[in-house]
1. With 10 angstrom as the radius, rank Asp45, Asp172 by how many other C-beta atoms surround their C-beta, starting from the fewest.
2. Which entries of Lys78/Lys102; Lys43/Lys64; Lys136/Lys156; Lys37/Lys64 have Cα-Cα distances beyond 27 Å here?
3. Suppose R0 equals 25 Å; then what is the FRET efficiency for Thr174 and Gln127 from their Cβ-Cβ distance, rounded to the nearest 0.05?
4. Using a 10 Å cut-off around each Cβ, can you sort Phe180, Phe175 from fewest to most neighbouring Cβ atoms?
5. State, to one decimal in nm, how far the label point of His186 lies from the label point of Leu76, with both points 7 Å from Cα in the Cβ direction.
6. According to a simple spin-label model (label point 7 Å from Cα along Cα-to-Cβ), what is the distance in nm between Glu107 and Thr50?
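Read the figures in this text as sums done on the coordinates, not as results from a lab. Keep in mind that this is a model prediction, so the values were computed, not measured. For neighbour counting, all protein chains shown are included, and Cβ atoms are generated from backbone atoms with ideal geometry for every residue, glycine included.
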Amino acid sequence: MPKAARRPRSGAHDRPLRPKATLPSQREFAVTQGVEKVELGSKADLPAATILAENSAERVLPPKKERLAARHESLLSKLSSLSNNAPHAPYAMSKSALRRYKRKVKEGLPLAGLEAALAEVGEEVEQEQELRAEQKAREGKIGESGEKGLSSKQRKKALEAEAKHVGAVLQDATFRANPFAAIRQHAANTLEKRDI
């Protein structure tokens, strides 16, 4: 069988991603400000010594040791300003040094502030004790409810005690003479006084 004729593949290829090489003078740069245009052959007639002198005159750098010393000094000045403002800043000290510093600060607290705090706490404790004493004095009076109700046995005992008490009240001479005056007097003696 005869071979089939080959088709040229030039139409199957895409366009190249990079354009064809251009001359340096024809290139476009992303930064357009401060771009120095280089003209090829503009200094061809000048001697090499003058060209080198121009290039070296433009770029005068101090020696490496001086640059390192300057960087070191600037770093030290930054650290000293940080340590003056905040000696416990985390970037100014290591973790262990920070821990030691905090411990030293805690140990060096002035005792005058502690004594004042103890005096305040003592006053608060005394006030609480006075309030508790007042509450205990008010516990047995009528008109103040307890936190929880009575159990069935307690309720029976209370009813028996009240029945005996009612019998004693009915036999009292002041109650027989004027019942309302006796009730008023009893209420004044036992009810909790409230500010209205």
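1. Values: Asp45 6, Asp172 12.
Lowest count first: Asp45, Asp172.
2. Working: Lys78/Lys102 23 Å; Lys43/Lys64 31 Å; Lys136/Lys156 25 Å; Lys37/Lys64 31 Å.
With Cα atoms farther than 27 Å apart: Lys43/Lys64; Lys37/Lys64.
3. Values: r = 41 Å, r/R0 = 1.65.
Given R0 = 25 Å and the Cβ-Cβ separation, E is 0.05.
4. On the way: Phe180 8, Phe175 17.
Fewest to most other Cβ atoms nearby, the residues stand as Phe180, Phe175.
5. Reported label-point gap for His186 and Leu76 is 9.5 nm.
6. If labels sit at Thr50 and Glu107, their model points lie 7.6 nm apart.
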